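Comments concern the structure below.
The values are calculated or read from the model by the stated rules, or taken from the named source; none is laboratory data. Since the structure is predicted, the reported quantities are computational estimates derived from the model, not experimental observations. As a convention, Cβ positions derive from the backbone with ideal geometry for all residues, glycine included, and neighbour counts pool all protein chains shown. Side chains included, ligands, DNA and RNA excluded: accessible areas come from the protein's heavy atoms. Shrake-Rupley method; radii C 1.70, N 1.55, O 1.52, S 1.80 Å.
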Amino acid sequence: MFTELRPPGPNQPVYREDCTQCFDSIDDTTGLDVCLYCFNGGCTADRSHSVLHVSATNHPLVLNIKRTRKQVTRDEPPAKITKLSIAAETETDRYDTTTTVKCYECGVDEVDESSGKLPQLVDAVLKANTFSRQEEVKAWEQEMTACEHTLCLEQQEARQIESGALGHCSECKLNENLWLCLSCGNLGCGRQQFGGIGGNSHGVGHTKSTGHPVAVKLGSLTADGTADLYCYACDEERVDPELPNHLAHWGINIKDRVKTEKSLTEMQVEQNLRWEFSMTTEDGKELKPLFGSDFTGLKNLGNSCYLNSTLQALFAVPEFRDRYYLPEQGPPNASLPAEDLETQLRKIADGLISGRYSKPDSDVIVSEDTPEVPHQRGLAPAMLKHLIGRGHAEFSTMRQQDAFELLLHLLKLISRSQHVAPFKDPVDAFRFVMEQRLQCISCKRVRYRSDEQENISIPVPIRRVPKDAQMDATDSEGKEKEKEEFESVTLRECLDIFTAEEMVELTCGACGSKDGFTKRSMFKTFPSVLAVNARRFEIVNWVPTKQDVPVIVNDEAISFDAYKSHGLKDTEEVLPDDADTGSSFKWTPNEAALSMLEAMGFPRVRCEKALHATGNEDPEAASNWLFAHMEDPDIDDPVDFNAGSGGGSGGGAPSAIDPEKIEMLSGMGFNAPQARQALKETGGDMERAVEWLFSHPEAAGDFGDDASAEMPAKSQEKLLPGSDKLPANFQLQSIVCHKGSSIHAGHYVAFVRKQLPDEQDAAWVLFNDEKVAKAADIDEMKKFAYVYFFRRL
């Protein structure tokens, strides 16, 4: 049995914190079973996901890990502070950890841990980075690059450094925090670091005296060729693609090295997690924590508040709750539950809704000095965050992200996943149809176009309060400084602007007029849940800057009836359809807006795409589009917007599109014009067409004159998403708020309208990462929300 066992590799995930199928953890009374074959984590209490894993994989040997908080008692007052210092509290200082090897096949609850490979294996599991910490470190390390000093490293004559010489600094007796100069092989201690790690800066002194720029931290070496590398010339952490060879130059075989110390990246991650935010009212009183079903917080994984707030708002939507909270069912049959989106969404739903984990943090010791009830410990959504970010240039990092962009990305992932009957795609609740009406100013002919959407992004008018009416503010030195204030606007005004008529520069193919068209977009159908992004950005010194413009949104129902499109009227004449759909409209970019965008440094092809996508008028809207689509793989591909074949990459587009392919794509939720455009862009290749559609969610679609002939009757009769019935009344249900001048920095929280115990009316609840409390001053928070979620009544 023991011959199959191998210790985890440097990059192999070890799930030794919580179960991969629920949030039961090593802190529970029965502990967590870690499979000694694949290192899956399985709970051992009433759900027994460990037993399910054993039966599914035939992996009978597990390491049970149980952790309990040490009880600290002080019989006398603490010693008087005589020196200012910071001491890092380790896990060993806080917890007692017990381990037991169990064999489910033999029914033995305590296998001798000294047998065969078990001592080394158990030790490797306990020392390995947990999955969540490993993913955090990976994400931070993705930011590091090589530099000219690591790529062009000059090394002195090769020599064998004896292992004894690697035991301590060459100038003092320190035997930790040791850095090896890759140029000459000198070993020097590093700087003194936060957390009590010693250092006399002899490594830095060596660099100053010799000019040798690159050093590697010995204790951070791993067998797979990674390590802590620092370039003193750049004063930055770097990577060295040739590190194994550079170490071999000094006789160091990296395959024999075992990582013994935390890297700078790992220590940086720990520091990011220490940032706390206030949970008090204006008069300084602590907000009272809430516990129980529907009141569970999420732990901040280091800049993950954008994810936490979005998840809280999403799982307050009934369609998401019904789809993923299935307490009467077992977990999905997934061979790798930590890598399965369905499993992780059900895990999050159970964690947030069940109330099983919503209880005061037992680690916080309540005393006479701190009588308040402690907040929750919070659930760590590390596995879901990993899946959401996998393969994504932004969401795979540890940087702060845009919560609205995350919402769109997550909805896309969920729609693309399987929803086997009787389950339905919960994203359907967000779907609706906007109808765009174009009318030639000269001949008055019209054309209607329908676009399926899952959200709207409304412009917020920015009007400054006159300076003489603004309140003075003071800076940190007590000097008065100007603080900009903005006039309040109502949600109704923003919606009026969003659905208002605007001018677009197009040439009419029917009458030949170049006077342009009026364009107006209104709701053809309404969704069950309307996600609204409030755009409060304006260009300041060529940089999109978020402005704190108050938007007034009431708790009462809001009627959207005035924003309903009534379609083609009997008195309207339709523009004739041409075989070349682009010949009716000769699109040219707005030169004034184009020159402004080019002055900001964007290439012309990007500027034209942005203007085409945003109405060809507003450089601010176009610049926002550009920042949101910087990572599009085809962002620099030229496009002919007036080409009848769809304008894209290829001349291989078929002259006629297969109607069955259009029907298949329509069955996946895309409308017929989008499906037709995607198939033309990709030469009729179904697989590529699907990828194209997901990477071009804003695609207008192709409204060819042969649309009716191509589209089978079944597809024509396909029900549109949403409902066109009136009245259309919506009520605010949750908001995601952001504080900070940029959506890529600052902090996100969520406010959700919920029914509180012992209260007759619904109240607003604040979700600030792991902290959950009844909200105070919600009206002020609603004014500055970034994303609003409305429920149709």
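A few notes on this one:
- Oblate is the label for the stretch 392-445. Its Cα gyration tensor axes, ordered a ≥ b ≥ c, give a/c of at least 1.5 and b/c at or above a/b.
- Ordering of 773-781, 399-407, 417-425 by burial proxy (mean other Cβ atoms within 10 Å per residue, highest first): 399-407, 773-781, 417-425
- Cross-link table K524/K783; K514/K569; K444/K783; K412/K661; K424/K609; K564/K609, entries beyond 31 Å C-alpha to C-alpha: K444/K783; K424/K609
- Shape class for the stretch 292-353: oblate, because the ratio a/c of the largest to smallest gyration tensor axis (alpha-carbon atoms, square roots of eigenvalues) is 1.5 or more and b/c is at least a/b.
- 22 Å Cα-Cα threshold exceeded, pairs from K299/K385; K347/K385; K127/K217; K66/K288: K66/K288
- ³J(HN,Hα), Karplus 6.51/-1.76/1.60, whole Hz, each residue of the stretch 778-788, x for Gly, Pro: 5, 4, 5, 5, 4, 4, 10, 5, 9, 10, 10
- Centre separation in Å (Cα based) which lies between the stretch 13-56 and the stretch 298-318: 24 Å
- Accessible surface of the stretch 496-571, 1.4 Å probe, proportion on carbon and sulfur as whole %: 48 percent
- Between V772 and L290, Q376, the built amide H atoms are under 5 Å apart, and every one of these is 5 or more places off in sequence or on another chain.
- Accessible solvent surface per residue of the stretch 4-65, calculated while the other protein chains remain in place, 1.4 angstrom probe, Å²: 36 Å²
- Backbone HN-Hα couplings from phi across the stretch 555-566 [Karplus 6.51/-1.76/1.60, Hz, Gly and Pro as x]: 6, 6, 4, 10, 7, 9, 4, 5, 9, 8, 7, 9
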